[in-house]
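Colleague: Following this message is one structure expressed as structure tokens.
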Amino acid sequence: MGLATANGDSQASGLRFLIYGRTGWIGGLLGRLCADRGIAFAYGAGRLENRSQLEADIAAAAPTHVFNAAGVTGRPNVDWCETHRAETIRANVVGTLTLADVCRERGLILINYATGCIFEYDEKHPLGSGVGFLEEDTPNFVGSFYSKTKAMVEELLKNYENVCTLRVRMPISSDLTNPRNFITKITRYDKVVDIPNSMTILDELLPISIEMAKRNLTGIWNFTNPGVVSHNEILEMYRDYIDPEFSWRNFTLAEQAKVIVAPRSNNELDATKLKKEFPELLPIKESLIKNVFQPNRKTPIRP
Ligand SMILES: NC(=O)c1ccc[n+]([C@@H]2O[C@H](COP(=O)([O-])OP(=O)(O)OC[C@H]3O[C@@H](n4cnc5c(N)ncnc54)[C@H](OP(=O)(O)O)[C@@H]3O)[C@@H](O)[C@H]2O)c1
């Protein structure tokens, strides 16, 4: 395993991160961010459900903080979890809880990239109302096996005072070639629904998660940019900034249900708590333009 060479930031701060999810999207981005910032880090080699491997990783890396960007999300999508229930439980339930428990035993904070796909719009939080779910709200979406297990784990992790749970949603990055990127996904679908949702701009929020570790923050956090954006609003931006010829077709939730196995979560999370801690946090549409569309712009700037 071995720690990446430290300089600057980490030598001054003494930070040493142990990161799970080396081969994953979020874990890969996080390692690159640490390298860019001169923060010493190592990737965990152990499988999450293997306690002794996790203990060996921690002994070797002697980290100040542990980050968990490992877990199964399913390939090609979360429907995989419906038919691979034991594997989903092994990584996302047994694994995540084991890592939290080992970290607690060692007195280490665990920054856990979790999910906000455990809520759906309801009577108290209707679509378009601007009333989002709070950190203390109990998950109300268990429509997919993936979400169901994530909701159970969140509930259990509340009892671990060393865990910082980050509710990520529909993550977006400035790399528009990455098939995991929500924008890339919806530009490739034959048809898309059009529903406003809370989303996470990784270019802005992953650095914030590093800052959260530095501040030793724990507890549950809605880890999304404030506000909501709909599929069509994103596709309109894509057309305006990237490809003027781009067009798409919408379909209804009922029509979508025919081409997927498990229902998907649609919701707004209230980002007030995160915004209070990080006042510079941009509203979702501003962050999309600043961090994703402007840097990738291919269309001429209109006067
Ligand atoms: N992408 C999304 O849409 C999304 C949305 C909200 C939340 N999240 C959450 O964010 C986390 C990271 O997502 P991602 O998109 O970066 O996932 P990803 O690209 O699928 O990567 C998952 C990573 O987890 C590792 N992994 C899986 N099972 C493991 C186990 N039992 N032990 C150790 N490592 C294991 C994989 O390594 P191997 O290849 O070695 O198995 C891989 O490095 C997940 O927990 C996910 O639930 C993702």
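The values are calculated or read from the model by the stated rules, or taken from the named source; none is laboratory data. Quick caveat: nothing in here was measured; it's all calculated off a predicted structure. Cβ atoms come from the backbone with ideal geometry, glycine included; neighbour counts cover every protein chain shown. In case anyone asks, the SASA skips ligands and DNA or RNA and just uses the protein heavy atoms, side chains included. Shrake-Rupley method; radii C 1.70, N 1.55, O 1.52, S 1.80 Å.
Colleague: Counting only residues 5 or more places away or on other chains, whose amide H sits under 5 Å from the amide H of Val192 once H atoms are built in the peptide plane?
Modeller: Amide H neighbours of Val192, under 5 Å, 5+ apart: Arg249, Asn250, Phe251.
Colleague: Cut-off 19 Å, label point 7 angstrom out along Cα-to-Cβ of Asn250: give me the residues of region 93-131 whose amide nitrogen falls inside.
Modeller: Those under the cut-off are 121, 126-130.
Colleague: Expressed as a whole percentage, what fraction of the accessible surface of the chain belongs to carbon and sulfur atoms when a 1.4 Å probe is rolled over the protein heavy atoms?
Modeller: Using a 1.4 Å probe with all protein chains present, the chain comes out at 51 percent carbon and sulfur.
Colleague: Enumerate the calculated ³J(HN,Hα) couplings along region 99-116 in order (Karplus 6.51 cos²θ - 1.76 cosθ + 1.60, θ = phi - 60°), each rounded to whole Hz, writing x wherever the residue is Gly or Pro.
Modeller: Going residue by residue, I get 4, 4, 5, 5, 4, 4, 4, 8, x, 10, 6, 10, 8, 10, 6, 9, 9, x Hz, with x marking Gly and Pro.
Colleague: Something else: How large is ³J(HN,Hα), in whole Hz, for each residue of region 16-29 in order, when computed from phi with the Karplus curve 6.51 cos²θ - 1.76 cosθ + 1.60 and θ = phi - 60°, using x for Gly and Pro?
Modeller: 9, 9, 10, 10, 9, x, 3, 8, x, 5, 5, x, x, 4
Colleague: Okay, helix-only estimate at 222 nm for the chain: each DSSP H run of n ≥ 4 adds -39500 (n - 2.57), divide by all residues, round to 500 deg cm²/dmol; what do you get?
Modeller: -9500 deg cm²/dmol
Colleague: While we're looking at this one, here's another question. Taking the Cα-to-Cβ direction at Asp137 and at Arg239 and moving 7 Å from each Cα, how far apart do the two end points lie in nm?
Modeller: My value for the distance between the label points is 3.1 nm.
Colleague: How many Å² of accessible area per residue for region 239-303, probe 1.4 Å?
Modeller: Per residue, region 239-303 has 65 Å² of solvent-accessible surface.
Colleague: Right, something else. Each label point is 7 Å from the Cα along the Cα-to-Cβ direction; what then is the distance between the points at Lys298 and Leu156, in nm?
Modeller: Those two pseudo-labels are separated by 4.5 nm.
Colleague: Also, I was wondering about something else. Please compute the volume of the convex hull spanned by the alpha-carbon atoms of the chain and report it per residue in Å³.
Modeller: 136 Å³
Colleague: While we're here: Starting with the highest mean, order 143-152, 204-213, 163-172, 269-278 by the number of other Cβ atoms within 10 Å, averaged over the residues of each peptide.
Modeller: 163-172, 143-152, 204-213, 269-278
Colleague: Determine the per residue accessible area of region 1-124 with all protein chains present and a 1.4 angstrom probe, expressed in square angstrom.
Modeller: On a per-residue basis, region 1-124 sits at 45 Å².
Colleague: Sorted by packing (mean other beta-carbon atoms within 10 Å per residue), highest first, where do 253-263, 279-289 land?
Modeller: Packing order, densest peptide first, comes out as 279-289, 253-263.
Colleague: What does the extension gain come out to for Val259 and Lys285, with contour length at 0.36 nm per residue minus their alpha carbon separation?
Modeller: Here the segment from Val259 to Lys285 would lengthen by 6.5 nm.
Colleague: Considering only the chain, what is the antiparallel percent among its DSSP beta bridges, to the nearest 5?
Modeller: Taking every DSSP beta bridge with both residues in the chain, the antiparallel ones total about 5 percent.
Colleague: Specify whether the C-alpha gyration tensor of region 82-200 places it in the rounded, prolate or oblate class, a ≥ b ≥ c being the square roots of the eigenvalues: rounded for a/c under 1.5, otherwise prolate if a/b is larger than b/c and oblate if not.
Modeller: It comes out prolate by the Cα gyration axes.
Colleague: Through the Karplus equation 6.51 cos²θ - 1.76 cosθ + 1.60, θ set to phi - 60°, convert the phi angles of region 138-148 into ³J(HN,Hα) values in whole Hz; use x for Gly and Pro.
Modeller: 8, x, 10, 10, 10, x, 10, 5, 4, 5, 4
Colleague: Same structure again: What's the center-to-center distance, using Cα atoms, between region 181-242 and region 260-275 in Å?
Modeller: Here the two parts' Cα centres lie 10 Å apart.
Colleague: What order do you get for 119-130, 86-97, 175-186 when each peptide is scored by the mean count of other beta carbon atoms within 10 Å, highest first?
Modeller: Descending packing order for the listed peptides: 86-97, 175-186, 119-130.
Colleague: Let me ask something additional. Past 23 Å, Cα to Cα, is the threshold; run Lys185/Lys273; Lys148/Lys276; Lys191/Lys273; Lys148/Lys214; Lys185/Lys290; Lys276/Lys298 against it and keep the listed order.
Modeller: Table pairs above 23 Å Cα-Cα are Lys185/Lys273; Lys148/Lys276; Lys191/Lys273; Lys148/Lys214; Lys276/Lys298.
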